[in-house]
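Student: So that we are looking at the same thing, I have put the structure below in structure tokens.
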Amino acid sequence: MADVLTIGETMALLTSTTSERFKSSSFLQKNIGGAETNVAIGLSRLGHSTAWISRVGNDPFGEEILYRLRAEGIDVSNVLIDQNAQTGMMIKEKVRGNQTIVHYFRKGSAASNLVPFDLSTEQIRNAKILHVTGITPSLSDSCRETITEAIKLAKQNNTKVSLDPNLRLKLWDIKKAREVLLPLIKEADYFFPGLEEARLLLGDEKLSPNQIIAEFLKQGIPHIILKLGKEGCITADQSNRFQVSGYPVVEIDPVGAGDAFCAGYLSGILSEKSPEKCANLACAMGALAVTEVGDYNALPTSQEINEFMNKQSIVMR
């Protein structure tokens, strides 16, 4: 039984070790990356049980993904090793300071072959929260059907649904994203859009944060957590609304901050914290996530996040 179950693609990740274009870099750092497993790792490090459903290829990249996730304490028992497709891959390169460009190699990947039959009804039934993103439905029709079915099963079994739109316009255009995601968003119990993502989904770049929240609440979503980047976030339901400030840090690598944010907020829910305290924890997690290179390397333990939030120094020896 897992507190949180996630579904989606995790890829091999190659990163230039210097602030050079990929073509000019002589050395690469090897890692893994995937929005859903970033959330699972964040939650696992905070002491929660997590599980992941996906497919990987029968190749060294797939082997490494499973190896690393098992080491993080994530249940991968329902991950299928696809004999007919390769594990997806992405490349990150830094240009002009800390600006990061991501290149995907995931068309026809093992995870893009996910089908509803790959789901474990028992895992969904036993989880407290199902966390999904808008990335997986963009990968293929069968992935869209799989996420739709997973949400349906969660609703039937009183499992809460958490959804981060995680718009990736390199994977699909905004018209298709709206067509697929807006119906799924209405089924979410906890919805985690970024400010610009929300404006894109609603088709109005001038909407204020409060207008965005009002629109999504009008659609019947119980809890909206609007991510404002370095400025923090707003968490809102029909009765309450709190704006929480971000935590100032030196940014090294921005990728994975939103996933860390979701992990922090979901941890707060599982620990029965108030929405305001959930938001504070989420902002702290998002801040720490950008302080090291890698999608999840900087994700803290419970002790580390408490020391960070309480401004305590960590004893190194």
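What follows is calculated from the coordinates using simple rules that are stated; it is not laboratory data. As the structure is a computational prediction, the values presented were derived from the model and not from experiment. Note that each Cβ is placed from the backbone with ideal geometry, even for glycine, and that neighbours are counted across all protein chains shown.
Student: Under 19 Å Cα to Cα from LYS175, which lysines show up? Leave out anything in the same chain fewer than 8 places away.
Tutor: The reachable lysines, counting only those whose Cα sits under 19 Å from LYS175, are LYS186, LYS206.
Student: Still on this structure, please answer the following. In the range 77-132, what trypsin sites (Lys or Arg not before Pro) fall in a loop by DSSP, with at most 16 other Cβ atoms inside 10 Å?
Tutor: ARG96, LYS107
Student: Would you kindly state the longest site-free stretch of the chain, with sites defined as GluC sites (Glu not before Pro) in a DSSP loop (not H, G, I, E, B) surrounded by at most 12 other Cβ atoms within 10 Å?
Tutor: Details: sites that count: GLU205, GLU272.
Between exposed loop sites, the widest span is 1-204.
Student: At ASN240 and ARG68, where each label point lies 7 Å from the Cα along Cα→Cβ, what is the point-to-point distance in nanometres?
Tutor: Each label point lies 7 Å from its Cα, and together they span 3.6 nm.
Student: For LYS155 and GLU179, FRET efficiency with R0 = 35 Å and r from the beta-carbon atoms, rounded to 0.05?
Tutor: 0.95
Student: Say R0 is 41 Å: what FRET efficiency, to the nearest 0.05, do ASN126 and LYS311 get from their beta-carbon distance?
Tutor: 0.60
Student: What aspartates and glutamates could a cross-link reach from LYS227, if we take a straight Cα to Cα line under 12 Å and drop same-chain neighbours fewer than 8 places away?
Tutor: ASP164, GLU196, GLU197, ASP259
Student: Right, another one. Spin-label point model (7 Å from Cα, Cβ direction): what's the GLN303 to GLN29 distance in nm?
Tutor: The answer from the label model is 2.4 nm.
Student: With r defined as the distance between the Cβ atoms of LYS186 and ASP141 and R0 fixed at 22 Å, what FRET efficiency is calculated, to the nearest 0.05?
Tutor: The value I calculate is 0.60.
Student: Dividing the Cα radius of gyration by the Kirkwood radius, what Rg/Rh value follows for the chain?
Tutor: 0.94
Student: Please work out whether the range 102-223 counts as rounded, prolate or oblate from its C-alpha gyration tensor, where a ≥ b ≥ c are the square roots of the eigenvalues and a/c under 1.5 means rounded, while otherwise a/b larger than b/c means prolate and anything else oblate? Could you put the intermediate results ahead of the total?
Tutor: Values: a/c = 2.40, a/b = 1.18, b/c = 2.03.
Oblate shape, in that a/c is at least 1.5 and b/c is the bigger or equal ratio.
Student: So which lysines can LYS30 reach, going by Cα to Cα under 21 Å and dropping same-chain residues fewer than 8 places off?
Tutor: The qualifying lysines are LYS92, LYS94, LYS107.
Student: Could I have the simple spin-label model distance between LYS107 and LEU207, label points 7 Å from Cα toward Cβ, reported in nm to one decimal?
Tutor: That separation, rounded to one decimal, is 3.1 nm.
Student: Considering only DSSP states other than H, G, I, E and B, which trypsin sites (Lys or Arg not before Pro) in the range 157-259 qualify as loop sites with at most 12 other Cβ atoms within 10 Å?
Tutor: On the way: sites: LYS160, ARG168, LYS170, LYS175, LYS176, ARG178, LYS186, ARG199, LYS206, LYS218, LYS227, LYS230, ARG241; in loops: ARG168, LYS170, LYS186, LYS206.
Those satisfying the criteria are LYS170, LYS206.
Student: Given the -39500 (n - 2.57) contribution per DSSP H run of 4+ residues, what per-residue ellipticity at 222 nm results for the chain, rounded to the nearest 500 deg cm²/dmol?
Tutor: When only DSSP H runs of four or more count, the value is -11000 deg cm²/dmol.
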